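Q: Okay, here's the structure, questions in a sec.
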Amino acid sequence: WRRRAKALAIVKEVEEKCATPLGKLRQVADAMTVEMHAGLASEGGSKLKMLITYVDNLPTGDEEGLYYALDLGGTNFRVLRVQLGGKEGGIVNQEFTEVPIPPNLMVGSSNELFEYIASKLAKFVAEEGPDFQIPPGRQREIGFTFSFPVMQTSIDSGNLIKWTKGFSIDDTVGKDVVGELTKAIAKEGLDIRVTALVNDTVGTLAGGRYTDKDVIAAVILGTGTNAAYVERAQAIPKWHGVLPKSGEMVINMEWGNFRSSHLPLTEFDQALDIESLNPGEQVFEKIISGMYLGEIVRRVLCKMAEEASFFGDTVPPKLKVPFTLRTPDMSSMHHDKSADLSVVGNKLKAIFEIADSSLESRKVVIELCNIIATRGARLAAAGILGILKKLGRDTVNDGEGQRMVISMDGGLYEHYDAYSKCLEDTITELVGEDVSQHIVIQHSMDGSGIGAALLAASHSQYL
Ligand code: ADP
Ligand code: MG
């Protein structure tokens, strides 16, 4: 019983440290807005890079023709082709293939990674059926969705600032990733031109806008997390180029790197950060995104096993291995509705070789998943409030509110129901019913890929 009390005390402490009362979320949102201003004011002015994307026009629906996209995210990459039907035609046809990225390529050399990608692209093109025809004499054009921070120099070039998530390839940093991809494409003997380089958030925003005019921002919750939104060009002091005709510019916030003294952090987050590939970086990402949630839970469970013999007299060895508990497994446990919590029991057994967990301890595991997922989801909601505040859309003016849509994508948002529900509920809590009835959180299915193809179309060399 003493052990049990000790274990519960650890959970209780985590719960207190992870608490996100509304007041705290408002402080986080305010800090986000402040950092947004700072990041827009000057290069390097904030932890938030607020990157200029060179996307000053979002899809209109008039895009027409066959275009390709290549989406390099955190775990998989996708290649797709989309036949766009022009005015009112919509997406006539689309096909995609998804390939896992071999873990050794995430930490190997730049050439190897890009050559691997180009080889899969070549295979995809080679298997093209008669439904998709490129007009004679035309080069294939592709939008490259690259979900890492890039300092763009134009719509179709940009230098990698740093890798994030599980990637660490020193020789790509500082290089033009379109140049790297183009080199690999040429080596494959392919004739394809990259006409747009887009962050996944920007792709999702573009894909969302294609079907809904009221999309103002996009948020990704997948392996990592990030957001993009449409800013007034006049409100970007660090932009010294000509003002775009549209008067707008999409900004890639790179919000995964946000940090603030208001963020509720624990000893487990600190340890995770120190032992990560990128210590001190991506602090927001490390508490809210899919790559890390399960790992945080594992760390707490490990302490409970070590200091309170939570899983018996010895500490299950697997429990000590970083990243053994993946977020999809955490999510399955969290959603376990069976009377004896058999999903939790089976997962503990399969992942950690914990053979005989009691019902009581399974309940505690679920409670812990809930604490960690809830903190992440509520902080993501606070981030969204930060964007709404920056745009002055967090309150209803002159009695009439205009619809605003946030395009969401990513495996975490898509599959972790408790997380996405908590996020949506929290937005309502934060802004109140009057405003929240105008906010639509829209799951944009595969928006980042289609969005990149749409941007490849609107930046075609043949226009
Ligand atoms: P990426 O972010 O790598 O581009 P996705 O958007 O598909 O790719 O997100 C994949 C991530 O989503 C996984 O790394 C995982 O963290 C999370 N995820 C996938 N499935 C689930 C699930 N069932 N429950 C919770 N999280 C999930
Ligand atoms: Mg992705």
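The values are calculated or read from the model by the stated rules, or taken from the named source; none is laboratory data. Source: prediction; values computed, not measured. Please note: Cβ atoms are built from the backbone with ideal geometry, for glycine as well, and neighbour counts cover all protein chains shown.
Q: Quick check on the stretch 272-280. Is at least one of its residues within 30 Å of LEU455 (Cβ to Cβ), within 16 Å of ligand 1 (Cβ to nearest atom) and aliphatic (A, V, I, L, M)?
A: The answer is yes; a qualifying residue exists.
Q: Looking for whichever is among the hydroxyl-bearing types (Ser, Thr, Tyr) and modelled with pLDDT under 95 here; the options are THR426, THR395. Which one fits?
A: THR395
Q: Taking the residues in the stretch 96-112 that are in contact (Cβ under 8 Å) with a residue 60 or more places away in the chain and part of a helix (DSSP H, G or I) as candidates, determine which candidate is surrounded by the fewest Cβ atoms within 10 Å (Cβ to Cβ).
A: Among those residues, the one meeting the criterion is PRO103.
Q: Taking interchain pairs and intrachain pairs at least six residues apart, which have beta carbon atoms under 8 angstrom, with the first residue in the stretch 211-228 and touching a residue at least 12 places away in the same chain (Cβ under 8 Å) and among the polar types (S, T, N, Q) and the second within 13 Å of ligand 2 (Cβ to nearest atom) and part of a strand (DSSP E or B)?
A: THR225/VAL219; ASN226/VAL219; ASN226/ILE220
Q: Please specify each residue of the stretch 219-245 satisfying the condition of being under 15 Å from MET36 (Cβ atoms) and within 15 Å of ligand 1 (Cβ to nearest atom).
A: Correct list: VAL219, ASN226, ALA227, ALA228.
Q: What do you reckon, is ALA186 free of Cβ contacts under 8 Å to residues at least 40 places away in the same chain and either within 15 Å of ligand 2 (Cβ to nearest atom) or of a type in the set (A, V, I, L, M, F, W, C) (or both)? Write out each step before concluding.
A: On the way: free of Cβ contacts under 8 Å to residues at least 40 places away in the same chain: yes; either within 15 Å of ligand 2 (Cβ to nearest atom) or of a type in the set (A, V, I, L, M, F, W, C) (or both): yes.
Judged against the criteria, ALA186 is a match.
Q: To continue, here is another question. All but one of (1) surrounded by 15 or more Cβ atoms within 10 Å (Cβ to Cβ); (2) at positive phi; (3) within 16 Å of ligand 1 (Cβ to nearest atom) hold for LEU341, so report the exception by its number.
A: If we test LEU341 against (1) surrounded by 15 or more Cβ atoms within 10 Å (Cβ to Cβ); (2) at positive phi; (3) within 16 Å of ligand 1 (Cβ to nearest atom), just (3) comes out false.
Q: With the requirement that a residue be away from ligand 1 (no atom under 16 Å from the Cβ), of a type in the set (A, V, I, L, M, F, W, C) and either outside any loop (DSSP other than H, G, I, E, B) or closer than 19 Å to ASN226 by Cβ (or both), what does the stretch 154-196 give you?
A: ILE155, LEU160, ILE161, VAL173, VAL178, LEU181, ALA184, ILE185, ALA186, ILE192, VAL194, ALA196
Q: Only residues that are of a type in the set (Val, Ile, Thr) and crowded, with 19+ Cβ neighbours inside 10 Å: list them for the stretch 418-434, please.
A: Taking the stretch 418-434 first, the residues of a type in the set (Val, Ile, Thr) are 426-428, 431.
Within the stretch 418-434, THR426, ILE427, VAL431 qualify.
Q: Of (1) at pLDDT below 95; (2) at positive phi, LYS87 satisfies all except one. Which?
A: (2)
Q: Moving on to the next point. Quick one: which of GLY432, GLY451, GLY411 is within 16 Å of ligand 2 (Cβ to nearest atom) and either closer than 23 Å to VAL230 by Cα or free of Cβ contacts under 8 Å to residues at least 24 places away in the same chain (or both)?
A: GLY451
Q: Something else now. Only one residue in VAL55, VAL34 is crowded, with 21+ Cβ neighbours inside 10 Å, within 30 Å of GLY247 (Cα to Cα) and more than 16 Å from ligand 1 (Cβ to nearest atom), so which one is that?
A: VAL55
Q: Within the stretch 197-208, work out how many residues are in contact with a helix residue (DSSP H, G or I) (Cβ under 6 Å, 6 or more places away or on another chain), part of a helix (DSSP H, G or I) and of a type outside the set (Ser, Thr, Tyr).
A: Total satisfying the criteria: 5.
Q: On the given criteria, is ASN93 surrounded by fewer than 16 Cβ atoms within 10 Å (Cβ to Cβ) and within 21 Å of the chain's Cα centre (by Cα)?
A: Numbers: surrounded by fewer than 16 Cβ atoms within 10 Å (Cβ to Cβ): yes; within 21 Å of the chain's Cα centre (by Cα): no.
The answer is no for ASN93.
Q: From the set of residues in the stretch 436-457 that are of a type in the set (A, V, I, L, M, F, W, C) and closer than 14 Å to ALA381 by Cα, which is surrounded by the fewest Cβ atoms within 10 Å (Cβ to Cβ)?
A: VAL440
Q: Across the stretch 61-89, what is the total count of residues that are away from ligand 2 (no atom under 16 Å from the Cβ) and without any contact (Cβ under 8 Å) to a residue 40 or more places away in the chain? I'd like the intermediate steps shown before the answer.
A: Within the stretch 61-89, the first condition is being away from ligand 2 (no atom under 16 Å from the Cβ), and the residues that meet it are 61-68, 81-89.
Among the residues that remain, those that are also without any contact (Cβ under 8 Å) to a residue 40 or more places away in the chain are: 62, 85-89.
Matching residues across the stretch 61-89 total 6.
Q: Could I ask something else about it? Would you list the helices (runs of 4 or more DSSP H) that sit entirely within the stretch 321-419 and hold 1 or more residues that are under 22 Å from GLY256 (Cβ atoms) and of a type in the set (S, T, N, Q)?
A: Result: 327-334, 359-390.
Q: So which residues in the stretch 211-228 are surrounded by fewer than 24 Cβ atoms within 10 Å (Cβ to Cβ) and either farther than 30 Å from GLY376 by Cβ or more than 16 Å from ligand 2 (Cβ to nearest atom) (or both), if there are any at all?
A: THR211, ASP212, LYS213, ASP214, ILE216
Q: What pairs come out if I take residues in the stretch 373-399 that are more than 17 Å from VAL250 (Cα to Cα) and pair them with residues that are surrounded by 24 or more Cβ atoms within 10 Å (Cβ to Cβ) and charged (D, E, K, R) whose C-beta lies under 8 Å away, six or more apart or interchain?
A: That search, which allows pairs on different chains as well, returns nothing.
Q: Let me ask something additional. Would you tally the residues in the stretch 295-320 being assigned to a helix (DSSP H, G or I) and either under 20 Å from GLU13 (Cβ atoms) or at pLDDT below 95 (or both)?
A: 15
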